[in-house]
1. Can we say K126 is among the basic types (K, R) and touching a residue at least 24 places away in the same chain (Cβ under 8 Å)?
2. Yes or no: G41 surrounded by fewer than 17 Cβ atoms within 10 Å (Cβ to Cβ), modelled with pLDDT of 60 or more and touching a strand residue (DSSP E or B) at 6+ places or on another chain (Cβ under 6 Å)?
3. What's the number of the only condition in (1) within 21 Å of D34 (Cα to Cα); (2) assigned to a loop (DSSP other than H, G, I, E, B) that L66 fails to meet?
4. Which one of the conditions (1) hydroxyl-bearing (S, T, Y); (2) over 20 Å from N32 (Cβ atoms); (3) open to solvent by 10 Å² or more (accessible area, probe 1.4 Å) does T100 fail to meet, given that it meets all the rest?
5. Go through (1) in contact (Cβ under 8 Å) with a residue 60 or more places away in the chain; (2) under 18 Å from the mean Cα position of the chain (by Cα) and name the single condition K106 misses.
6. Checking R159 against (1) surrounded by fewer than 20 Cβ atoms within 10 Å (Cβ to Cβ); (2) among the basic types (K, R); (3) within 24 Å of D34 (Cβ to Cβ): exactly one of these is not met. Which one?
7. Out of the residues in segment 112-129 that are open to solvent by less than 60 Å² (accessible area, probe 1.4 Å) and of a type in the set (F, W, Y), state the one that is nearest to M155 (Cα to Cα).
8. For Q82, work out the one condition from (1) open to solvent by 30 Å² or more (accessible area, probe 1.4 Å); (2) part of a strand (DSSP E or B) it doesn't fulfil.
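The values are calculated or read from the model by the stated rules, or taken from the named source; none is laboratory data. Please read these numbers as outputs of a predicted model, since none were measured by experiment. Note that each Cβ is placed from the backbone with ideal geometry, even for glycine, and that neighbours are counted across all protein chains shown. In case anyone asks, the SASA skips ligands and DNA or RNA and just uses the protein heavy atoms, side chains included. Shrake-Rupley method; radii C 1.70, N 1.55, O 1.52, S 1.80 Å.
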Amino acid sequence: MQYCVRMRLGFLTAAAMVVFCFGLKAEIAVANADFHAHDNGKAAGWKLTGNFQALAGGGHNGSAGLVWHGDESSSALESASQRIKLEAGKSYRFTTLARTENFTGKAELCIEWYGKKGWIGGGYLKAITKKDSDWTQYVADTAPIPEDTEYCQLMYYVRKGAKGTV
């Protein structure tokens, strides 16, 4: 049996969808996965830091989307994150659609897991580094989620020094 998380979360102009697959598709509990529920750029269910915001009409094909934009280089790691429930012993696949405009730096997406003593590990996408790009799909897989995992976190982030739009 194959297990996966399919994620269509994009940084500029993308809607999000997360699916857990094992024969039949069933939704994983990701709050506000499509970024439609927001108030003044604050996405319901997400913890946003720095220059991340949810924008109506900013997503893929005009849907709502998650956007990071900085006119000046970021002075620290900035993120959009939320806790998600994943099953121990299972591996997950996650993808994102992203595009960039005049972007320098690194933007990434990961799923990390934490135990009683903190961070245990995670699955990470190849960094998004193109200066200007049309929609591009990025894909990664996690290792099996460890049995001693207390919670998992889905997180988009840009590293210190990023500038432009993704």
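1. No; evaluated as a whole, the condition is false for this residue.
2. Values: surrounded by fewer than 17 Cβ atoms within 10 Å (Cβ to Cβ): yes; modelled with pLDDT of 60 or more: yes; touching a strand residue (DSSP E or B) at 6+ places or on another chain (Cβ under 6 Å): yes.
The answer is yes for G41.
3. Only one criterion in (1) within 21 Å of D34 (Cα to Cα); (2) assigned to a loop (DSSP other than H, G, I, E, B) is unmet by L66, namely (2).
4. Among (1) hydroxyl-bearing (S, T, Y); (2) over 20 Å from N32 (Cβ atoms); (3) open to solvent by 10 Å² or more (accessible area, probe 1.4 Å), the lone unmet condition for T100 is (3).
5. (1)
6. It is condition (3) that R159 fails.
7. Of everything passing the filter in segment 112-129, W113 is nearest to M155 (Cα to Cα).
8. (1)
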